[in-house]
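The structure appears right after this line, and notes come after that.
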Amino acid sequence: MSTSLDWAQEAWEKTAHKVARTSKRIGDRFPHASVKGEYQLEPASWWTAGFWPGLLWLLYRNTQDGQLKLLAESCEVQLDQVIADYYRLDHDIGFMWTLTSVARYKLLGAEDSKRRGLLAANLLAARFNVQGNYIRAWNPWREGEDNAGWAIIDCMMNLPLLHWASTTTGDPRYKHIAVRHADMALEHFIRPDGSVNHIVVFDPHTGEKLEVKGGQGFAPDSGWSRGTAWAIYGMALSHLHTGDERYLHAAKRAAHYFMANLPEDSVPHWDFRLPEGITAYRDTSAGACAACGLLLIADQVSGQESSLYREAGERILYSLYTNYGAWDSETEEGLILHGTSHYPEGKNIDVPLIYGDYYFVEGLSRLLGHGELFW
Ligand code: GLY
């Protein structure tokens, strides 16, 4: 790997160049997975709706390209209808409004974005189950389904919205909920070896833990790599917002499990604990998200320890750039190839994913010192 950050600057410029082109077709819509070279668009209510505008904000912050700003702002305004429709909103409120309203508020101090972000934080806080100390993950996916007791590791990435709401309003109640959920995740999600559960089911009336489900991982006791990445970054962010060392230790534990299971080129398979006969597709999105988490851990420790995490994060981003990028392809809209969204349901396997692209660009922006975190 190159010892300077020249490669990251080069990757940044290629990213800006490519997004200037792809944004002409994607516009102010909501891409999720790229199939046959073209990003499939989802409704604004889909959980990934924040990643494209978030990526546009990251680029705008550095390039001041007003066209990207307009697109990101238009995406944010469309999310108003999602709040009005309400029923499809789940815990991913954090992903959706942190990368739209909170990002715009942090960059431009816009009052309307502050109002939207706070409204979203209120809806997220309202999903908290006080008996089980968890934020409810989803709403029923189909008629008759009852998932009121389900919590998922991904939600660690939604907690920063609550911390931001407390900081912004001076009212600690949002933060109290974030802390109680993170403490629950320490107890029920992060395993002793640093691997994580995807779904934990509680009795929503008593709060009793009932079972663990495999979810997007191969099995309840396997090692879903993106779940591990959510834990690394989410726990590191919980430490950033609270100073509680237990979260930093959990982030490190998950990070060491992740790093120890990486293949030669530092880009993870979709699950680290697969039986023979199951294809070990890569999940570049897990690599990009984990890299951001590793860089944040590096910022919160010192000396050689900091170098270890920073180099691990940089190694992943460098490999994504050199081995998995689709920089010059005119027939592929995604930036980073080979993401795996949901193997057990056979959805979007081995394709570019908008959150993989987002975290890759965030990682570059962090390496290049462009500015504060949106999270
Ligand atoms: N949060 C959903 C996923 O990681 O696919």
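The values are calculated or read from the model by the stated rules, or taken from the named source; none is laboratory data. On a predicted model such as this, the values are computed, not experimentally measured, just so you know. When we count neighbours, we look across all protein chains shown, and the Cβ atoms used for this are built from the backbone with ideal geometry, even at glycine. Surface accessibility is based on the protein's heavy atoms, side chains included, excluding ligands, DNA and RNA. Shrake-Rupley method; radii C 1.70, N 1.55, O 1.52, S 1.80 Å.
Taking the dipole about the Cα centre of the chain, with the C-beta of Lys and Arg at +1 and of Asp and Glu at -1, give me whichever of HIS163, TRP57, TYR355 is farthest to the positive side.
HIS163
For LYS252, go through the aspartates and glutamates and keep the ones whose alpha-carbon is under 18 Å away, minus same-chain ones fewer than eight residues off.
ASP154, ASP183, GLU187, ASP193, ASP244, ASP299, GLU305, GLU311, GLU314
Using a 1.4 Å probe on the protein heavy atoms, what percent of the accessible area of the stretch 215-320 belongs to carbon and sulfur? Walk me through the numbers before you get to the answer.
Values: 1710 of 3670 Å².
Answer for the stretch 215-320 is 47 percent, counting heavy atoms of protein chains only.
What's the center-to-center distance, using Cα atoms, between the stretch 264-304 and the stretch 78-106 in Å?
Cα centroid to Cα centroid, the span is 27 Å.
Two decimals is fine: what is log10 I(q)/I(0) at q = 0.14, 0.20 Å⁻¹ for the stretch 63-132, from a Debye sum with one equal scatterer on every Cα and no solvent?
Here the Debye-derived log intensity ratios amount to -0.44, -0.81.
Cross-link partners among lysines for LYS24, C-alpha distance below 20 Å, same-chain residues fewer than 8 apart left out?
By straight Cα distance, LYS24 reaches LYS14, LYS36, LYS69.
Would you kindly find the accessible area of ASP6, with a 1.4 Å probe and non-protein molecules such as ligands, DNA and RNA excluded, rounding to the nearest 10 Å²?
Surface accessible to solvent at ASP6 totals approximately 110 Å².
Kindly report the accessible area of the chain per residue (heavy atoms of protein chains, probe 1.4 Å, no ligands, DNA or RNA), in Å².
Details: 14410 Å² over 375 residues.
Ligands and nucleic acids excluded, the result is 38 Å² per residue.
About the Cα centre of the chain, how large is the charge dipole given +1 on each Lys and Arg Cβ and -1 on each Asp and Glu Cβ? Please answer in debye to the nearest 20.
Using only the charged Cβ atoms, the result is roughly 600 debye.
Rounded, prolate or oblate: which fits the stretch 246-351 when a ≥ b ≥ c are the square roots of the eigenvalues of the alpha-carbon gyration tensor, with rounded for a/c under 1.5 and prolate only if a/b beats b/c? Don't skip to the end; give the middle numbers.
Working: a/c = 2.32, a/b = 1.42, b/c = 1.63.
Cα axes put the stretch 246-351 in the oblate bin.
Take the alpha carbon gyration tensor of the stretch 51-100, find the square roots of its eigenvalues, order them as a ≥ b ≥ c, and report rounded if a/c is under 1.5; if not, report prolate when a/b exceeds b/c, else oblate. Before the final figure, lay out each step's value.
Numbers: a/c = 4.59, a/b = 2.05, b/c = 2.24.
Judged from the Cα gyration tensor, the stretch 51-100 comes out oblate (a/c at least 1.5, b/c at or above a/b).
Mind running the shape call on the chain? Use the C-alpha gyration tensor, a ≥ b ≥ c as the square roots of the eigenvalues: rounded below 1.5 for a/c, prolate if a/b tops b/c, oblate otherwise. Don't skip to the end; give the middle numbers.
On the way: a/c = 1.31, a/b = 1.12, b/c = 1.17.
It is rounded, given that a/c, with a ≥ b ≥ c, falls under 1.5.
Accessible area of LYS114, 1.4 Å probe, to the nearest 10 Å²?
Roughly 50 Å² of LYS114 is accessible to a 1.4 Å probe.
Give me the percent of the accessible area of the stretch 57-171 that comes from carbon and sulfur atoms, probe 1.4 Å, all protein chains in place.
Percent of accessible area from carbon and sulfur atoms in the stretch 57-171: 50.
What FRET efficiency would be calculated for the residue pair TRP141, ALA20, taking the C-beta separation as r and a Förster radius of 25 Å, to the nearest 0.05?
Working: r = 37 Å, r/R0 = 1.48.
Approximately 0.10, to the nearest 0.05.
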